[in-house]
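A short worksheet on the structure shown next.
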Amino acid sequence: QVQLVESGGGLVQAGGSLRLSCAASKTIFTGNTMGWYRQAPGKQRELVARITSGGATNYADSVKGRFTISRDNAKRTVDLQMNSLKPEDTAVYYCGAPYGSRTYWGQGTQVTVSS
C-alpha cells in the first residue's frame with residue numbers, strides 16, 4: 001500500500017520557521033527519491049526540494065539557503081525545515097514520490113506566512 005502523510009503546517013510570521021514532516025509507507029519510501037512540492041492559489045504545483053535514497057539533495061532556487069530537506073530511513077520520514085519564511089512561501093505543501101508509472105501525493109498541509 002502506498003501512503004504519504006504530511007504534518008507540521010501552520011501560520012507563521014515572515015522571518016519565522018516551520019518544520020514539515022512526511023511519513024511514508026515502506027513500499028514508496030525504500031530506495032526512492034522523495035520530494036516536497038507546493039501549490040499556491042492559482043499557480044501550478046512546483047518542486048521545492050528533493051532527496052535521493054542516498055541523501056543527495058536539490059532545491060528550487062527560491063528556497064536555496066532557507067529550506068533544508070532531510071530523511072530518516074529508519075523511520076521512513078522526510079522532513080522539510082523552513083527558515084526565514086516569506087509571504088510568497090504561502091502554499092499547500094505536498095510530499096510526493098514516483099512509484100510505478102505515476103507520482104503519489106500526500107493530502108497536503110497548509111503553510112501560511114503573514115507579512
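Do we have Val5 as aliphatic (A, V, I, L, M) and within 15 Å of Gly106 (Cβ to Cβ) here?
yes
Please work out which one of (1) free of Cβ contacts under 8 Å to residues at least 12 places away in the same chain; (2) over 23 Å from Ala14 (Cα atoms); (3) surrounded by 15 or more Cβ atoms within 10 Å (Cβ to Cβ) is the condition Ala74 fails and give its number.
Among (1) free of Cβ contacts under 8 Å to residues at least 12 places away in the same chain; (2) over 23 Å from Ala14 (Cα atoms); (3) surrounded by 15 or more Cβ atoms within 10 Å (Cβ to Cβ), the lone unmet condition for Ala74 is (3).
Can you say whether Gly54 is more than 15 Å from the chain's Cα centre (by Cα) and either of a type in the set (D, E, K, R) or open to solvent by less than 40 Å² (accessible area, probe 1.4 Å) (or both), as far as the supplied structure shows?
In short, no.
Do you know which of the residues in the range 71-90 that are among the hydroxyl-bearing types (Ser, Thr, Tyr) and assigned to a loop (DSSP other than H, G, I, E, B) is nearest to the chain's Cα centre (by Cα)?
Thr90
Looking only at residues that are among the charged types (D, E, K, R) and touching a strand residue (DSSP E or B) at 6+ places or on another chain (Cβ under 6 Å) in the range 6-45, which one is most open to solvent (accessible area, probe 1.4 Å)?
Among them, the one singled out is Arg19.
The values are calculated or read from the model by the stated rules, or taken from the named source; none is laboratory data. Computed from a predicted structure; not experimentally measured. Cβ sites come from the backbone with ideal geometry, for glycine too, and all protein chains shown count toward neighbours. What goes into the accessible areas is simple: the full protein's heavy atoms, side chains included, and nothing from ligands, DNA or RNA. Shrake-Rupley method; radii C 1.70, N 1.55, O 1.52, S 1.80 Å.
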